[in-house]
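S.K.: First the structure, which I've put down as structure tokens, then a few questions once you've had a look.
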Amino acid sequence: MYDNWDDLLKACKQCDRCDLCKSRTNVVIERGNRDSKVMFVGEGPGEKEDLSGQPFVGEAGKLLNNLFEAQQFSPDTYYIANIVKCRPPANREPSDDEAEKCLSFSRNQFLLVKPKILVCLGSVASKYIIDKEIRVSLRHGQWISKGKFLMMPVYHPAAVLRDEYKRELFWNDFVKIKDKMKVEGIWR
């Protein structure tokens, strides 16, 4: 574990623990405020993220940004990362081996950010952070307490783009996140 951002970022950028490093353009590590009390974690970078080096900048990222803006989430109130830091080929889900080899970086990010609220964007993030057997379709929008922090699984923005039925559910889950931030005194 790294006790500072410089060492963690350097380790991520030099990582060759799995084959995803062979085809990456950029290591996609983070976006947002490192001092935030709300951390969003997705699955892994897509093509646009791989090219830019930033998480959630493609179509799913645009939806997420539009939601943040519509619900008046200030950019300094959140931090965004992914389970894996390199793009899986053809935007497939990361394998268990790839995710397991990258999880220490995600856990390290969590320890450095120290969020009160952790939001898992989609089934992959929920599986590796909350519970291997979790089903987002059944648990989205529900708070789960672990230690001193709260977690919530929500649909991944890409899933919302593919299924219009999930839009209202996604919106309502973010209302719950915003309300909890107010209760916790971390809304700005």
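S.K.: About its Cα centre, what dipole magnitude does the range 5-183 give when the only charges are +1 on Lys and Arg Cβ and -1 on Asp and Glu Cβ, stated in debye to the nearest 20? Let's see the in-between values first.
M.R.: Values: 30 positive and 25 negative charges, 104 e Å.
Once rounded to the nearest 20, the dipole reads 500 debye.
S.K.: Which pairs, out of Lys146/Lys176; Lys101/Lys178; Lys127/Lys178, put more than 28 Å between their alpha-carbon atoms? Spell out each step's value before the answer.
M.R.: Values: Lys146/Lys176 18 Å; Lys101/Lys178 32 Å; Lys127/Lys178 23 Å.
Over 28 Å Cα-Cα: Lys101/Lys178.
S.K.: Cut-off under 20 Å on the C-alpha distance; same-chain residues fewer than 8 positions from Lys116 excluded. Which aspartates and glutamates are left, in chain and number order?
M.R.: Candidates past the 8-residue exclusion: Asp3, Glu30, Asp35, Asp76, Asp131, Asp173, Asp179, Glu184.
S.K.: So what is the 222 nm mean residue ellipticity for the chain from helices alone, if each DSSP H run of at least 4 adds -39500 (n - 2.57) and you divide by all residues, rounding to the nearest 500 deg cm²/dmol?
M.R.: Numbers: 8 runs with 82 residues, N = 188.
Per the formula, -13000 deg cm²/dmol.
S.K.: Using only the Cα atoms of the chain, construct the convex hull and provide its projected area averaged over every direction, in square nanometres to one decimal.
M.R.: Across all orientations, the chain yields a mean hull projection of 9.8 nm².
S.K.: Same structure, new question: Can you tell me what share of the DSSP beta bridges in the chain is antiparallel? A percent to the nearest 5 is fine. Walk me through the numbers on the way to the answer.
M.R.: Numbers: 5 of 18 bridges.
Around 30 percent antiparallel, to the nearest 5.
S.K.: Quick one: 3J(HN,Hα) in Hz for the range 57-68, Karplus 6.51/-1.76/1.60 with θ = phi - 60°, rounded, Gly and Pro as x.
M.R.: 10, x, 4, 5, x, 5, 4, 4, 4, 4, 5, 4
S.K.: Follow-up question, since we're still on this one. Taking the Cα centroid of the range 11-90 and of the range 156-184, what is the distance between the two, rounded to the nearest whole Å?
M.R.: 18 Å
S.K.: Right, another one. If you count, for each residue, the other Cβ atoms within 10 Å and average over each peptide, how do 114-125, 166-177 line up from highest to lowest?
M.R.: Working: 114-125: 21.9, 166-177: 16.6.
Packing order, densest peptide first, comes out as 114-125, 166-177.
S.K.: For Asn26, what charge total do you get from the other residues with a beta carbon under 14 Å from its beta carbon, if Lys and Arg give +1 and Asp and Glu give -1? All intermediate terms of the calculation are to be shown ahead of the outcome.
M.R.: Values: positive: Lys13, Lys22, Arg24, Arg31, Lys48, Lys85, Arg87; negative: Glu30, Glu47, Glu49, Asp50.
Spelling it out: positives minus negatives among the neighbours equals +3.
S.K.: So, one more: Please turn the phi angles of the range 82-91 into ³J(HN,Hα) values with the Karplus equation 6.51 cos²θ - 1.76 cosθ + 1.60 (θ = phi - 60°), one per residue in order, whole Hz, x for glycine and proline.
M.R.: Along the range 82-91, the couplings run 9, 4, 9, 9, 10, 6, x, x, 6, 6 Hz.
S.K.: On to the next question. Of the peptides 133-145, 59-71, how do they stack up when ordered by the mean number of other Cβ atoms within 10 Å, highest first? Intermediate values should be presented prior to the final figure.
M.R.: Working: 133-145: 14.4, 59-71: 16.2.
Listed from highest to lowest mean packing, they are 59-71, 133-145.
S.K.: Taking 7 Å along the Cα-to-C-beta vector as the label spot, tell me the Arg162-Gln14 distance in nanometres, rounded to one decimal.
M.R.: 3.8 nm
S.K.: Cα axis of helix 165-183 to longest principal axis of the chain: angle in degrees, 0 to 90, nearest 10?
M.R.: 80 degrees
S.K.: Something else about it: What is the chain's relative contact order, in percent, from Cα pairs under 8 angstrom and six or more apart in sequence? Present the calculation step by step, with values, prior to reporting the outcome.
M.R.: Numbers: 320 pairs, mean separation 44.2, N = 188.
This gives 23 percent for the chain.
Any read-out appearing in this document is the output of simple, stated calculations on the displayed coordinates, not a laboratory observation. Here the structure is a predicted model, which means the values were calculated and not measured. Because the Cβ atoms are built from the backbone with ideal geometry, glycine has one as well, and the counts that use them run over all protein chains shown.
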